[in-house]
Structures are given as C-alpha cells and as structure tokens.
1. Working only within the stretch 90-118, note down all residues that are at pLDDT 90 or above and surrounded by 20 or more Cβ atoms within 10 Å (Cβ to Cβ).
2. Of all residues in the stretch 123-157, which are modelled with pLDDT of 90 or more and over 27 Å from residue 47 (Cβ atoms)?
3. Any idea which of 217, 238 is surrounded by 14 or more Cβ atoms within 10 Å (Cβ to Cβ), basic (Lys, Arg), in contact with an Asp or Glu (Cβ under 8 Å, 6 or more places away or on another chain) and modelled with pLDDT under 75?
4. Give the residues of the stretch 146-161 that are surrounded by fewer than 16 Cβ atoms within 10 Å (Cβ to Cβ) and among the acidic types (Asp, Glu), sorted by residue number.
5. Is it the case that some residue within the stretch 10-21 is farther than 29 Å from residue 154 by Cβ, modelled with pLDDT under 80 and in a helix (DSSP H, G or I)?
6. Considering only the stretch 74-91, state which residues are over 15 Å from residue 148 (Cβ atoms) and of a type outside the set (Val, Ile, Thr).
7. If a residue has to be within 19 Å of residue 154 (Cβ to Cβ) and within 12 Å of the chain's Cα centre (by Cα) to count, how many in the stretch 61-84 make the cut?
Amino acid sequence: MDEEALRACWDEQETPSLERCDWFSSNTFHHRQFADLERLLEAKKGKGVSVSVCLPSLNVEPTIGEIVRTIRMELVERVPLVDELVVVLGHHAQRIEPVVAEFPVTLVRNPHPEQGQASSTRVGLQALAAVDCVLVALADQPLLHAQDVADLIKAYKQRPEGIELVQPQVDGQPGNPLVFSAAVREQILAGPGDVACRRWQERHAGQVLRWPTANRRYAVDIDTEQDIEELAQRTGHRLRWPRDLAPAAVQP
C-alpha cells in the first residue's frame, strides 16, 4: 500500500471507516487464509488437475501490473494453485507489455483487437497449454486479491453435477472473474469467432452457476473517471490513466 493511501486510512485526526480501509484490509493476509489456500492446493493435487488463468487486456495500464503481481506471487509462487497465466495484448500492447514484462507470464497478441473482448478471450484460450480448469479475469479489478481467486476456484470445485461454469453474483448482478471447465474452452474455440464466455453462457444457461457472494470486490472494475473517483473515495487509493488514454468523465 502506498504512503498516501495508508495515511488516508490511519490518519490520527480522523476515525478510519471500514470502506476507506477496504484496500488495506483486502491486501493484508492472515496466516489462516494461507492455510485455506494450502488445503485447496492439496485438494487440487489430489485430483491431479491444472488451473490456467487468462487475462485479456485493453486500456488497463494503471491496474494490470498489480493484478498480475498478485496472481504470480501469491497463487503461482507462494501457494502454487495456478499453473499458468496468459496475458493477451491488444490495442495498447506497447504500453501494457512493459508493465508486466518483469513477471514470468505468457504474453500473446490479439491480431484483431478491433473485434472486441471476445476475440482477445479466444486468443488467450487458444494459448493455454495446461487446461483442466480455466479462470478468465478482468485486468481492471484493482481490489481483487489472492483469497478472492481462491474462493472462486473453491466454489467451482464444489459445484453441483452438470455445472460447467461458475460466476460470482453480487447483489443479483454478475461479477468477475469466472471459472469453467476444459469442455467449455473447447466448445468456445469450436464455435464462431464472436463466441466467448458471455455468448456461451447464453446458450448453455443450465450449465452455469451464479455463485451468490457478499464480496463486492468481484463487482468493482475501473472503466471510467467516475470509477476512479469512487475507488479513491472508498479506499484512499487513487489510480491514474495516461492523459492520452483517459476515458471521458461520466456526466451526472
């Protein structure tokens, strides 16, 4: 946590609120949480399955570095729950690549980023090598941390029979990431070029589990200047886009 955000949460002149300190609490881990991760890892090893993460990127320079760092350090190196991490580069590849270059991840380029997020997701799915369970994450969710990813994988492992895809649901609204089976990946890649996760869910609703959770970190992503302002007010942690890429502010 940077010094400015830390002061915002723990200024002696002000009683810190739970919302303002959410970023701090969500990036601070108790040893019991890692014990949970270890148990999930043992279950994963017992079943002999692999977990791959696909991370499509667009205009996510302010957020993607922290997300990749969290997955690599906490879920690949510290507790090896994730076997593979693929980052898909698109329109802003020349900006995103230096941000993630320090991490040992697989980088692939979408040759047709103008075709949208579905095309980037498909490129990422094609690049995966070890596929039993696939987690597709957004690169603009700055509050997401290792325990959130682990909880989602656990929900997937405990899914009812016949369920192939699990997506968090917060206050009745869909969240991210989502996790699905190798069969779903194969079906997506065998379909038309405009089919990715959303279209697959529309066509296979009976195989989708909306996993209810009160964890709002699954629902926080950064798309507009208003999102940045709301994040700063809630956590004291301010993100900034490069001036030439900043989205237009949302008018009230």
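1. 110
2. Matches in the stretch 123-157: 123 only.
3. The conditions single out 238.
4. Correct list: 161 only.
5. Looking through the stretch 10-21, at least one residue is farther than 29 Å from residue 154 by Cβ, modelled with pLDDT under 80 and in a helix (DSSP H, G or I).
6. 77, 78, 80, 83, 84, 85, 89, 90, 91
7. Final tally of qualifying residues: 2.
Yes/no per residue for (1) touching a residue at least 12 places away in the same chain (Cβ under 8 Å); (2) crowded, with 18+ Cβ neighbours inside 10 Å:
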| position | (1), (2) |
| --- | --- |
| 163 | yes, no |
| 167 | yes, yes |
| 179 | yes, yes |
| 182 | yes, no |
| 186 | no, no |
| 193 | yes, no |
| 198 | yes, no |
| 202 | no, no |
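The values are calculated or read from the model by the stated rules, or taken from the named source; none is laboratory data. No experiment lies behind these values; they were computed from the predicted model shown. Cβ: placed from backbone, ideal geometry, glycine included. Neighbour counts: every protein chain shown.
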